[in-house]
1. If the reach is capped at under 13 angstrom between alpha carbons, list the aspartates and glutamates near Lys470, excluding any in the same chain fewer than eight residues apart.
2. Provide the net charge surrounding Gly330, with neighbours chosen by a C-beta distance below 9 Å and charges set as Lys +1, Arg +1, Asp -1, Glu -1.
3. Post the alpha-carbon centroid distance, region 551-619 to region 173-240, in whole angstrom.
4. Please give the contour-minus-distance gain from Arg220 to Ser652: 0.36 nm per residue of separation, less the Cα-Cα distance, rounded to one decimal in nm.
5. So for the chain, averaging the separation of alpha carbon pairs under 8 Å that are six or more residues apart and normalising by length, what relative contact order in percent results?
6. Hey, could you get me the Stokes-Einstein D for the chain, Kirkwood radius over alpha-carbon pairs, 10 °C and 1.306 mPa s, rounded to whole µm² s⁻¹?
7. Given labels modelled 7 Å from the Cα in the Cβ direction, how far is it in nm from Asp171 to Arg684?
8. At 0.36 nm per residue, minus the direct Cα-Cα distance, what do Ala289 and Arg54 gain on full extension? Give it in nm, one decimal, please.
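Read-outs throughout are calculated quantities, based only on the coordinates presented, and are distinct from any laboratory measurement. Please read these numbers as outputs of a predicted model, since none were measured by experiment. Quick reminder, even Gly has a Cβ in these numbers, built from the backbone with ideal geometry, and neighbours come from all protein chains shown.
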Amino acid sequence: MDTGRAENAVYEQAWLDYRLIEDEALRARYAAVCGRLVVAGAGAELTSARLELRRAIAGLLGIEPVDVEAEAGSGDWGSEPAIVVTLADRVQERRYELAADAIGGDAGSNGGAGAGAGAGATDINGTCTLGEEGYAIRTGANGSVYLLGGGAKGALYAAFGFIRLLQMGGDIRGLRMVERPAYPLRMIDHWDNADGSVERGYAGGSLFFEAGRLGGRIGRIRDYARLQASIGINAVAINNVNVHAKETRLLAPERLDEVAGVAEIFREYGIALYLSVNFAVPIELGGLATADPLDPAVAAWWRETTAEAYRRIPGFGGYVVKADSEHRPGPFTYGRDHADGANMLADALAPQGGTVVWRCFVYDCKQDWRDRRTDRARAAYDHFMPLDGAFRDNVVLQIKHGPMDFQVREPVSPLLLGLRRTQIALELQITQEYTGQQRHLCYLLPMWKEALDFDAGDGRTVADAAGGLKGGQDTGERGGPAVGHRGWRGGLAAVSNVGTDANWTGHLLAQANWYGYGRLAWQPSASAEAIGREWIRMTLGPDPVVEETVIRMLMESHAIYESYTAPLGVGWMVNPNHHYGPNVDGYEYSPWGTYHYADRDGIGVDRTVATGTGYAGQYPAAAAALYESPHACPDELLLFFHHVPYGMRLKSGKSVIQHIYDTRFEGADRAAGLLVAWDGIADRLPVRVHASVRERLAHQAEHAREWRDQLNAYFYRKSGIPDAHGRTIY
Ligand code: GCV
């Protein structure tokens with residue numbers, strides 16, 4: 001298959017590629033309802049909903065819908081079926097034809113990738129229960145489909161939800177869907193720099209910055225905002241958390257209009273723009289002698305600067321802060337703690353309703369590798385647990401899913417479940433820094449699902465914790481919020497994987513991670529497979545053979561990547577700085593706190609309480625006991641928690657060394673299999689789409705062999721133990 005339009009659309013429109021539905025009967029059924037469009041109500045998001053529906057209907061059905069104006073106050077738009085977009089409370093208040101049918105009755109979900117959040121029988125009652133961002137979709141008596149937002153943002157999400165239904169070929173008769181996002185914060189963080197580069201970016205340059213200028217690519221930024229809104233993203237930080245001199249100036253009065261230009265586009269799509277800020281900006285920009293958070297002049301500077309930012313930037317959301325981390329300035333310089341730092345910014349933001357997202361990635365990056373007692377894995381918990389309850393209620397602590405740094409396999413950070421009186425956001429990394437840099441296929445949702453589903457033995461999962469659910473009820477001594485209170489601001493945040501590449505993500509299939517992140521942030525109980533299938537169908541089309549092939553590739557890819565790169569929970573065997581490619585000792589004698597301690601007898605880090613760094617003791621009792629014992633510890637994390645001999649038997653029955661050899665061989669073979677599978681659907685895909693992914697899969701297959709051979713050779717030479725199957729090890 002080869003059509004220029006299809007190729008470009010897949011590249012540029014990603015999953016919002018509205019190609020004509022081929023099934024004529026289905027198209028006609030949809031067209032009978034979609035030929036008339038009513039948008040009742042005002043607001044930027046409703047305007048965007050109208051534009052998007054028009055665009056989707058034109059593309060998918062090949063018709064231009066007629067815009068029907070609801071007569072002011074009457075709600076009368078004729079008896080013919082139509083798509084009606086409005087606010088749920090408007091429907092009730094104005095006694096529209098549909099009222100009882102649209103809102104009452106047994107609320108269900110569309111299914112799709114996951115059930116609507118908390119959809120119940122009688123709880124959908126206008127804005128109060130849908131919330132600003134929730135929505136209901138109902139089919140009325142005459143076949144009209146009502147897209148009812150709790151607020152204007154909800155109406156926009158309803159429009160995208162309905163479009164997804166059409167793209168998926170769903171039945172629009174008798175719809176009774178209710179959707180509400182699980183979390184109020186569904187954020188994407190860009191690590192984009194003012195010079196146009198992207199830290200850990202693998203898809204070209206920055207969408208936002210070009211040689212110091214911000215917001216020039218208006219069309220592309222608008223498409224970006226559409227894509228984000230379509231998956232429910234409502235907050236985007238546009239600049240790198242490593243805030244250098246140039247980005248520090250984004251808060252200067254003469255730069256605010258540029259920021260405002262991007263924020264204006266975001267606002268039309270319900271997205272709040274955040275800025276990552278340099279904790280020392282009062283010195284660098286304000287000319288003060290200090291950035292001490294307890295100095296009144298510093299607090300006043302932040303208050304004034306923040307008020308000005310809100311005056312100038314529409315829909316500004318607040319600040320993201322990386323402090324006292326990897327050479328960034330922070331409150332430690334002044335002998336203050338992170339609650340002092342975060343609360344000072346929170347006080348500046350509070351009058352404007354803003355939020356400070358404060359990162360917990362705080363550790364000693366100048367560690368002596370000879371010192372075995374210092375353990376980087378402990379750092380976030382050690383720094384932040386003593387501050388639980390000390391944060392203002394517009395502070396959200398952003399916590400990486402593992403205690404180290406986005407490795408292929410890590411245990412879940414104990415801080416996520418430990419904090420009970422502090423609002424949190426789980427931080428994920430969509431950009432594939434340690435997972436193949438968008439040259440290897442690695443669908444991250446299975447890994448993210450494991451983190452979200454993790455509970456430490458008391459039935460409270462990380463997904464619950466990120467939503468403030470099932471927590472303690474105490475109020476913090478310093479005024480922190482009781483977990484789960486109504487004003488909860490936490491949720492999920494993730495590092496972006498997009499850039500200026502035509503297909504957004506470099507590796508086309510890496511789009512599934514971006515799409516999937518948004519869908520999970522909306523509903524964490526949705527399945528990785530269902531979300532993957534949505535992405536495939538919306539992006540690559542409805543061919544079932546393509547869908548089955550690609551979903552298998554996606555679902556197996558994380559396990560495949562892990563099996564040739566990171567054995568039994570050991571990470572960091574990569575080249576320093578750029579983090580690509582095998583280098584077993586790349587981080588072994590470094591100051592970064594990243595060791596495997598392999599010698600001739602064994603491998604792994606002793607993190608037990610009994611004989612090691614004590615990290616295992618940071619978990620609640622049940623999980624701590626599991627990790628403390630090398631016999632109870634799950635195989636896949638054995639070397640994260642224990643230093644063991646190569647001959648130790650795993651639960652699988654294999655020795656550690658044989659496991660290392662076997663998984664390297666299998667992993668490389670399975671990576672080669674991904675290429676074979678993709679080639680099997682070559683004639684079902686646009687030529688350029690097939691070729692671009694093929695090139696990456698071919699590289700992956702070859703690179704996986706390199707990983708296999710370097711790791712096997714290294715461990716054979718260390719241990720002197722041959723492979724039980726006599727395969728070639730160099
Ligand atoms: C933005 C890791 C990455 C850094 C990143 C840092 C962070 O260390 O390698 O590039 O810095 O994480 O999350 O702040």
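1. Here the aspartates and glutamates satisfying the reach criterion relative to Lys470 are Asp455, Asp458.
2. It works out to a net charge of +2.
3. Computed from Cα coordinates, the inter-centre distance equals 31 Å.
4. Extra length available between Arg220 and Ser652 comes to 150.6 nm.
5. Answer for the chain is 12 percent.
6. 59 µm²/s
7. 2.5 nm
8. Extra length available between Ala289 and Arg54 comes to 79.1 nm.
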